[in-house]
Amino acid sequence: MGLTVFDTADLPPEHRFEWWRETVSRGAGATLITADRPADFAGSMGVLPLGPVQVATVSFPAMGSERTDRLIRRSDPETYELTLILRGSMQVSQADRQARLAAGDFNLWSSSFPSGSRSSGGREDAPAAPSDAIILHLPRALVPLPEAKVNRLLARGLPAAAGVAAILACHLTSVVEEAEHLEEGDGNRLGALTSDLATAFLARHLDAADLLPPHTRQQVLLSRIDTFIEDNLADPALSPRTVAARHHISVRLLHRLFAAREESVSATIRRLRLERCSADLVDPRLVGTPVHAVGARWGFADAAAFSRTFRAAYGISPRDHRHGAPTDRAGRTRPAGQAVGHRR
């Protein structure tokens with residue numbers, strides 16, 4: 001799949017700012033955009049459709065935007081735009097509220113109400129560093145929460161530091177980073193998961209988790225479990241039992257949650273550990289670290305068992321892999337018999 005990237009650098013300078021204004025208006029509804037330095041405007045965006053939702057990356061200089069009642073009457077895609085600020089700062093206003101956002105904040109914006117925003121600027125005699133963000137275009141019809149409740153979150157800084165917010169931020173960042181490795185069939189599945197996580201994020205801030213459909217609650221629980229597993233791979237004691245205990249569910253329920261996946265809980269833990277070991281073994285910064293220590297670093301307490309497990313998965317010993325083995329485009333060793341580009 002991959003991001004479809006648009007960059008003003010590909011256009012003649014005199015057309016760049018006008019192209020940006022038209023492109024933003026087509027995607028988010030008619031919008032009036034002003035720039036501090038339109039003559040040397042430089043911006044880029046990447047677009048990734050995921051079924052009914054869309055993820056976009058944007059990088060832009062200091063500028064302002066305004067959506068008025070007149071512009072809303074002209075076009076309204078009836079979406080929520082959930083923005084994660086990666087760099088820069090922004091002043092936003094909507095629904096009689098104002099908020100100042102910084103890197104690490106989410107902001108929710110509705111296409112159906114007047115709004116305004118202003119990104120950070122620099123000195124008048126020099127351009128500022130660009131602002132970077134990830135935007136989730138989420139049709140309102142996909143959000144199973146009362147609209148009046150959701151609108152309470154408009155123009156509020158919603159930190160992405162912990163809980164469901166951190167999981168959603170990590171998910172969006174990972175989707176963007178891995179976009180080029182996605183296959184066509186991944187789009188709808190990732191779109192459904194992204195929508196579920198975004199809905200759970202909104203519900204969390206509204207104390208409305210009881211309004212979430214059972215499927216959404218299950219997806220959010222699975223995402224929390226996935227995050228816990230990734231964060232604790234180095235613990236040799238990590239197992240289905242410890243995962244279940246941490247999330248206050250039975251081991252039987254945990255296995256049932258994973259039943260629809262291609263891997264069991266134990267297989268997932270093993271694969272992720274092996275991927276970390278594979279990357280570390282070919283990392284020049286770790287060339288002096290013994291092979292067994294690399295295994296121990298990621299939860300393989302027994303050196304012989306690590307070597308057997310690695311060879312069974314990749315068809316090569318950890319030591320031989322360190323001295324050269326075929327990898328995919330992301331630098332990961334491919335399991336034996338697995339073609340480039342295969343996704344689990």
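Computed over the chain with a Gaussian network model linking Cα atoms closer than 10 Å, the most mobile of Gln94, Gln218, Gln54 is Gln218. In the chain, a dipole from Cβ-located charges (positive for Lys and Arg, negative for Asp and Glu) runs towards its positive end, and of His247, Thr31, Gly315 it is His247 whose Cα lies farthest in that direction. Peptides 314-320, 237-243, ordered by how many other C-beta atoms sit within 10 Å of their residues on average, highest first, read 314-320, 237-243. Neighbours of Val53 by Cβ distance under 15 Å: Lys/Arg scored +1, Asp/Glu scored -1, total -2. Our estimate of slack between Trp19 and Thr227, defined as 0.36 nm per intervening residue step minus the Cα-Cα distance, is 70.9 nm. How tilted is helix 163-177 with respect to the longest principal axis of the chain? Cα atoms for both, answer in degrees (0 to 90, nearest 10). Approximately 90 degrees, to the nearest ten.
Here the simple spin-label model places points 7 Å from the Cα toward Cβ, and for His215 and Ala95 these points are separated by 2.6 nm.
For the chain, the longest principal axis of the C-alpha atoms and the axis of helix 13-28 are separated by about 80°. Taking the Cα centre of the chain as reference, the dipole from Cβ charges on Lys and Arg (+1) and Asp and Glu (-1) amounts to some 1180 debye. With viscosity set to 1.567 mPa s at 4 °C, what whole-number translational diffusion coefficient in µm²/s follows for the range 4-224 from Stokes-Einstein and a Kirkwood radius over Cα pairs? The estimated diffusion coefficient comes to 72 µm²/s.
When you restrict to C-alpha pairs under 8 Å that are six or more residues apart and normalise by the size of the range 264-322, the relative contact order lands at 31 percent.
A Förster radius of 41 Å, combined with the Cβ-Cβ distance separating Arg241 from Arg87, puts the computed FRET efficiency at roughly 0.50. Put a plus charge on the Cβ of each Lys and Arg, a minus charge on the Cβ of each Asp and Glu, and nothing anywhere else: the dipole of the range 264-322 about its Cα centre is then about 60 debye.
Any read-out appearing in this document is the output of simple, stated calculations on the displayed coordinates, not a laboratory observation. Note that the structure is predicted; figures quoted are calculated from it, not measured. Glycine also receives a Cβ, built like all others from the backbone with ideal geometry; neighbour counts cover every protein chain displayed.
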